[in-house]
Amino acid sequence: MNEAQTTSLEEVFNRRIDAEEKIEPKDWMPEKYRKTHIRQISQHAHSEIVGMLPEGNWISRAPTLRRKVALLAKVQDEAGHGLYLYSAAETLGISRDELLDQLHDGTAKYSSIFNYPTLTWADIGAIGWLVDGAAIMNQVALINTSYGPYSRAMVRICKEESFHQRQGYEILMTLMKGTDEQRAMAQDALDRWWWPSLMMFGPRDDESPNTAQSMRWKLKRKSNDELRQAFVDQTVPQAELIGLRIPDPALCWNEERGHYDFGEIDWDEFRQVVQGNGPCNRERLEARRAAHRNGTWVREAALAHAAKQADRDSLRKAI
Ligand code: BYC
């Protein structure tokens, strides 16, 4: 294809983006649009799969059968989200194996939040309330993203995330109605998870190399700082309602802006975690690599079964 043809295709593509049309897998798209989507969608898929680990840690120790069933269902939903998202990424011409290789060799990122440990049962409440709360804030905006398969995956994922968010909040609400020890446990979980949750939205807009282009392509519909602010505004009253204190002395309502002002995030900690030096980065990656190794026989058996069935089908057709 010559340069003039590519330019005119790009003009048509840009007009479609401006007109809020969805881009579908077989449509022409600039190479950078395809690559950026593979990067973001696969990072999102990996986050769902790695995100199962900190919560999975508490399935066998949930305090009641009801809590255990709900947590099991939540973690299972996350596996499902990972699968929709891997499928959406595959429509852009990359294989599942390549995507997993990128996770296992550390070239693909996943959300920084999952590199923190879950030390008490209250952490499961904090993850549901804050981590899923932050995820919904980000993903509701992504329902209107320009790439069709990603946008459609988001519709279903958001419905499930809102249930997850409520189950987390309800865990903390119950603890806050309990003993002094239970209230202290809930507060301690909020103290540890608050700042990492704000980091989930990514670097500040003026430090974010991808935001400007991704906003132009309508891959991102709101910037990192806009979503972070919306999350703070939504979450502070929820904390107050159940008697939790946000661990930020700078937090205060700004009447003029109509938003909460909040303190500075420890960006050095964020960079360290993203670069692989968080409290659990090594453990998380090793757990994923081990799960992949241990699942080799399942994948091989499934492929052998599919091959046998295909042979049988072609034999039947030949007869
Ligand atoms: N952690 O230019 P920026 C969930 C990277 S899972 C690690 O702003 P972008 C759930 C970023 O990739 C929630 N890395 O990037 C599951 C980029 O690096 P590269 C996951 C981060 O892409 C289980 C660099 O920093 N949600 O819901 O425009 C249980 C510069 O950043 C992080 C999604 O993935 C981070 N926090 O914006 C419960 C949503 N932040 O790739 C819940 C979809 C930034 O250039 N993703 N980086 O080397 C997005 O919306 C965007 O990708 C982000 C980052 C807002 C995360």
- [ ] For the stretch 89-157, evaluate the Debye formula with one uniform point scatterer on each Cα (no solvent term) and list log10 I(q)/I(0) at q = 0.13 Å⁻¹, rounded to two decimals.
- [x] -0.55
Task: Whole-number Å³ per residue for the convex hull built on Cα positions in the stretch 1-134 - done: 133 Å³
TODO: For the chain, with a Gaussian network of springs between Cα atoms less than 10 Å apart, report the residue from 190, 285, 85 with the top mean-square fluctuation.
DONE: 285
Task: Sequence ranges 256-266, 222-232, ranked by mean other-Cβ count within 10 angstrom, highest first - done: 222-232, 256-266
- [ ] Check cross-link reach from residue 68 to the lysines: straight Cα distance under 22 Å, and skip same-chain residues fewer than eight apart.
- [x] 159, 177
TODO: Rounded to whole Å and ordered largest first, report the semi-axes of the equivalent ellipsoid of the chain derived from its Cα gyration tensor (root of 5λ).
DONE: 36, 28, 17
Open item on the list: Projecting each Cα onto the charge dipole of the stretch 14-119 (Lys/Arg +1, Asp/Glu -1 at the beta carbon, about the Cα centre), which of 87, 36, 110 comes out farthest on the positive side?
Closed with: 110
- [ ] Set Lys and Arg Cβ to +1 and Asp and Glu Cβ to -1, take the dipole of the chain about its Cα centre, and tell me which of 193, 148, 281 lies farthest positive.
- [x] 148
TODO: Sort 52, 154 from largest to smallest accessible area, using a 1.4 Å probe on the heavy atoms of the protein chains.
DONE: 52, 154
Open item on the list: Please state the shape class of the stretch 234-306: rounded when a/c is under 1.5, otherwise prolate if a/b exceeds b/c and oblate if not, all from the C-alpha gyration tensor.
Closed with: prolate
Open item on the list: Would you work out the Kirkwood radius for the stretch 163-309? I mean one over the mean of 1/r across all pairs of different Cα atoms, in Å.
Closed with: 18.9 Å
Open item on the list: If the elastic network links every pair of Cα atoms under 10 Å, which of 153, 304, 70 fluctuates the most in the Gaussian network model of the chain?
Closed with: 304
Task: Enclosed volume per residue, in Å³, of the convex hull spanned by Cα atoms of the stretch 179-232 - done: 78 Å³
- [ ] Please give, to one decimal in nm, the separation of the simple spin-label points placed at residue 159 and residue 119, each 7 Å out from Cα toward the Cβ.
- [x] 3.9 nm
Open item on the list: With a 10 Å cut-off between alpha carbons and a GNM built on the chain, which of 306, 212, 135 moves the most?
Closed with: 306
- [ ] Give the ranking of 109, 218 by solvent-accessible surface, highest area first, calculated with a 1.4 Å probe.
- [x] 109, 218
Task: Dipole of the chain [Lys/Arg +1, Asp/Glu -1 at C-beta], most positive-end residue of 208, 99, 318 - done: 318
- [ ] Could you size up the charge dipole of the chain around its Cα centre, putting +1 on the beta carbon of Lys and Arg and -1 on that of Asp and Glu, and report it in debye to the nearest 20?
- [x] 1440 debye
TODO: Just round it to a whole percent: the fraction of Cα-Cα distances in the stretch 3-64 exceeding 15 Å.
DONE: 67 percent
Open item on the list: Taking every pair of distinct Cα atoms and averaging 1/r, then inverting, what Kirkwood hydrodynamic radius in Å comes out for the stretch 87-245?
Closed with: 17.1 Å
Open item on the list: Give me the base-10 log of I(q)/I(0) for the stretch 134-188 at each q in 0.29 Å⁻¹, Debye formula, one uniform scatterer per Cα, rounded to two decimals.
Closed with: -1.01
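The values are calculated or read from the model by the stated rules, or taken from the named source; none is laboratory data. Since we're looking at a predicted model, the values are computed, not measured. Don't worry about glycine lacking a Cβ; one is built from the backbone with ideal geometry, like all the others, and counts go over all protein chains shown. Accessible surface areas use protein heavy atoms only, side chains included; no ligands, DNA or RNA. Shrake-Rupley method; radii C 1.70, N 1.55, O 1.52, S 1.80 Å.
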